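Colleague: Sharing a structure, written as structure tokens. Questions coming.
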Amino acid sequence: MMQVQKPKDAYVQVNEVQWQDFPEQFHSGGVKWKLLNVAPEFGIWTVMFFCPNGSILAPHIHHGPAEGYVFDGILELRGGPENGGALCIKDGYLYEATGAEHEETKMLADTTFILQMVGPISWLLKDGSQLNQTCYDAQKLWSEQIH
């Protein structure tokens, strides 16, 4: 099992962390991410995303709860209000229950948000397969991108 390095302290100066490209199989449209914290003892990982207008996060399933906050922009969740979903707009809080399954998450403006996830996410890929992403996978990818 891979050991995840814990941060030296609990404070991250977010504007000093460089944006990295989020893996292409998980989105379209140029999504960037910053891995802010990984707490493997709880399976928690905290990510900040920048998603350009028109970008789309691939369908996925949350295997644990997630909480987030939208700093700028608009996320269209589960097809938007007209399809039983929601819009999460600037200064909006979002909560995803364990087992929440999303179709595509569309950005209706340049959108920056933070998401803290407990447990893995299963990404539903275009070829019909699923790919699980855990806090360990996120830490490994982040380490590869910044080194």
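The values are calculated or read from the model by the stated rules, or taken from the named source; none is laboratory data. On a predicted model such as this, the values are computed, not experimentally measured, just so you know. Don't worry about glycine lacking a Cβ; one is built from the backbone with ideal geometry, like all the others, and counts go over all protein chains shown.
Colleague: Answer yes or no as to whether Ala66 is free of Cβ contacts under 8 Å to residues at least 60 places away in the same chain and under 23 Å from Gln20 (Cα atoms). Step through it out loud before you land on a result.
Modeller: Numbers: free of Cβ contacts under 8 Å to residues at least 60 places away in the same chain: yes; under 23 Å from Gln20 (Cα atoms): yes.
Yes; evaluated as a whole, the condition is true for this residue.
Colleague: Now a separate question. Which numbered condition trips up Asp127, out of (1) outside any strand (DSSP E or B); (2) crowded, with 16+ Cβ neighbours inside 10 Å; (3) of a type outside the set (Lys, Arg)?
Modeller: Just one mismatch for Asp127, condition (2).
Colleague: Are any residues in the range 56-99 in a strand (DSSP E or B) and of a type in the set (Val, Ile, Thr), and if so, which ones?
Modeller: As a first pass, look at the range 56-99 and keep what is in a strand (DSSP E or B): 56-57, 60-62, 66-72, 74-77, 86-89, 92-96.
Ile56, Ile61, Val70, Ile74, Ile89 - these are the residues of the range 56-99 that are in a strand (DSSP E or B) and of a type in the set (Val, Ile, Thr).
Colleague: Cβ-Cβ distance below 9 Å, separation of 6 or more or different chains: which pairs start in the range 87-107 with a residue that is more than 17 Å from Ile44 (Cα to Cα) and basic (Lys, Arg) and end on one that is assigned to a loop (DSSP other than H, G, I, E, B) and at pLDDT 95 or above?
Modeller: Listed by first residue and then by second, the contacts come to Lys90/Gly73; Lys90/Ala109; Lys106/Gly54; Lys106/Ser55.
Colleague: Then there's this: Exactly one of these conditions fails for Lys32: (1) out of contact with any helix residue (DSSP H, G or I) (no Cβ under 8 Å at 6 or more places or on another chain); (2) closer than 15 Å to Gly119 by Cβ; (3) at pLDDT 95 or above. Give me its number.
Modeller: Among (1) out of contact with any helix residue (DSSP H, G or I) (no Cβ under 8 Å at 6 or more places or on another chain); (2) closer than 15 Å to Gly119 by Cβ; (3) at pLDDT 95 or above, Lys32 violates only (2).
Colleague: A further question follows. Regarding Trp142, is this residue surrounded by 16 or more Cβ atoms within 10 Å (Cβ to Cβ) and either in contact with a His (Cβ under 6 Å, 6 or more places away or on another chain) or in a loop (DSSP other than H, G, I, E, B) (or both)? Give the derivation first.
Modeller: Details: surrounded by 16 or more Cβ atoms within 10 Å (Cβ to Cβ): yes; either in contact with a His (Cβ under 6 Å, 6 or more places away or on another chain) or in a loop (DSSP other than H, G, I, E, B) (or both): no.
No, not satisfied.
Colleague: Would you confirm whether any residue within the range 21-35 is in a loop (DSSP other than H, G, I, E, B) and at positive phi?
Modeller: Our first condition is that a residue be in a loop (DSSP other than H, G, I, E, B); within the range 21-35, this holds for 22-23, 29-31.
In the following step, the residues that additionally are at positive phi were identified as 29-30.
Yes, the range 21-35 contains a residue that is in a loop (DSSP other than H, G, I, E, B) and at positive phi.
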